[in-house]
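Visitor: Sharing a structure here in structure tokens format.
What follows is calculated from the coordinates using simple rules that are stated; it is not laboratory data. Bear in mind the structure is a predicted one, so any value in this text is a computation, not a measurement. Reconstructed Cβ throughout: ideal geometry from the backbone, glycine too, with neighbour counts over all protein chains shown.
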Amino acid sequence: MRLRRRYADDADVVYYFGDCRKLLTQIPAGAARLVVSSPPYNIGKPYEAKKKLFSYLREQAQVIRLCVDRLADGGSICWQVGNLVNGSNDVIPLDLAFYPLFRRLGLKLRNRIVWHFGHGLHAKQRLSGRHETILWFTKGDDYVFNLDPIRVPQKYPGKRHYKGPNGGQYSGHPQGKNPGDVWTIPNVKHNHVEKTSHPCQFPVELVERLVLALTNEGDLVIDPYMGVASTAIAAARHGRRVAGAEVCREYYDLGIERLALLRTGELRTRPMGRPIYEPTPGSPLTRREGVRP
């Protein structure tokens, strides 16, 4: 795996330390098949300076335009965002704010994917948030979409057609079903095998599903906000090239370490498609003394 710190056409992984706009200007127009990222949410994390919403979206529009310019015709952009909660506990769904930024550039929305996870912060004055969204846009109508690599097990694999020319035959696809637009994938918290010090880390399997569905081997994937290199891991693992940037030295160094472990086969990640853990009924985790089940 050839790792470079600046963009090069022959690199397998480009991981740039600095502002993503500087990296994006190094990449030729139309070079990428997929842009996938989770931008800063403008909530005051250590790696971002909190701005007024208008200023934040104006800066994001600059990054998005650069990304679209680097995207090939038929390429895809997947922008994963959550909510912005202001001081008065007023929720602003960022996907609604981002949608017109992409539409103004001529991109078409193919899916609004809901990423559901079971654990997170517990709210006290509203319902606890347990989902974020991925906006999947394409640049044109002739786009890559590989369904077979991301199929999930059928709920009723033994179901058969009742009547008609296929009567008696299995009705479900033998490789599994379309995963739909609601994805239940654990977020990276506490005892997750991929956990680092990054507070909003992408689970590798979330990116793997996008990479496998929306690119082919050898394609270039861009992540302008690479963090601890989860996108690079997902892309490189499946024979794609990848380029990304990170402004926080701690997270950048962690990303370099994880890529080194990937190269030697020592990196631990949650396998794509592993069932969600469910506690055993009747175990100490599922009962409380004095409370009837």
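Visitor: Evaluate the Kirkwood expression for the hydrodynamic radius of the chain, namely the inverse of the mean inverse distance over all pairs of different C-alpha atoms, and round to one decimal in Å.
Guide: That comes to 20.6 Å for the chain.
Visitor: Give me TYR277, TYR7, TYR156 ranked fewest to most by other Cβ atoms within 10 Å of their Cβ, as a rough exposure proxy. Please list the in-between numbers first.
Guide: Values: TYR277 7, TYR7 19, TYR156 10.
Exposure proxy ranking, most exposed first: TYR277, TYR156, TYR7.
Visitor: Also: Each label point is 7 Å from the Cα along the Cα-to-Cβ direction; what then is the distance between the points at LYS124 and ASP181, in nm?
Guide: With each label placed 7 Å out from Cα toward Cβ, I get 3.6 nm.
Visitor: Still on this model: Please check: in the Gaussian network model of the chain (C-alpha springs, under 10 Å), which one of LEU259, LEU147, LEU220 has the largest mean-square fluctuation.
Guide: Answer for the Gaussian network model of the chain: LEU147.
Visitor: Something else about it: Take every Cα pair under 8 Å in region 3-286 that's 6+ residues apart, average their separations, divide by the length, and report that relative contact order as a whole percent.
Guide: Value for region 3-286: 21 percent.
Visitor: While we're on this one: In whole Å, what are the extents of region 171-293 along the principal axes defined by its C-alpha atoms, from largest to smallest?
Guide: Projected onto its principal axes, the Cα set of region 171-293 covers 55, 47, 26 Å.
Visitor: Rank-order 126-138, 103-115 by packing density, defined as the average count of other C-beta atoms within 10 Å over each peptide's residues, highest first.
Guide: Most protected by this proxy first, the peptides run 126-138, 103-115.
Visitor: Let me ask something else about it. Taking the Cα centroid of region 1-39 and of region 107-178, what is the distance between the two, rounded to the nearest whole Å?
Guide: 29 Å
Visitor: Now for a separate question. Would you mind checking LYS124/LYS189; LYS22/LYS51; LYS52/LYS139 for any pair whose Cα atoms are more than 26 angstrom apart?
Guide: Beyond 26 Å between Cα atoms: LYS52/LYS139.
Visitor: A follow-up question, please. Pick from HIS190, HIS116, HIS198 the residue whose mean-square fluctuation is largest in a GNM of the chain, springs joining Cα atoms under 10 Å.
Guide: Answer for the Gaussian network model of the chain: HIS190.
Visitor: Here's something else I'd like to know. Per residue, what volume in Å³ does the Cα convex hull of region 117-163 take up?
Guide: Numbers: hull volume 10.9 nm³, N = 47.
Taking the convex hull of the Cα positions in region 117-163, it is 232 Å³ per residue.
Visitor: Which net charge results when you count Lys and Arg as +1 and Asp and Glu as -1 among the other residues whose beta-carbon is under 14 Å from that of ASN178?
Guide: Combined, the nearby Lys, Arg, Asp and Glu give +3.
Visitor: As an exercise, find the ratio Rg/Rh for region 82-123 from alpha-carbon atoms, using the Kirkwood inverse-distance average for Rh.
Guide: 1.07
Visitor: Under a straight-distance cross-link criterion of Cα-Cα below 19 Å, which lysines are reachable from LYS177, leaving out those fewer than 8 residues away in the same chain?
Guide: LYS155, LYS159
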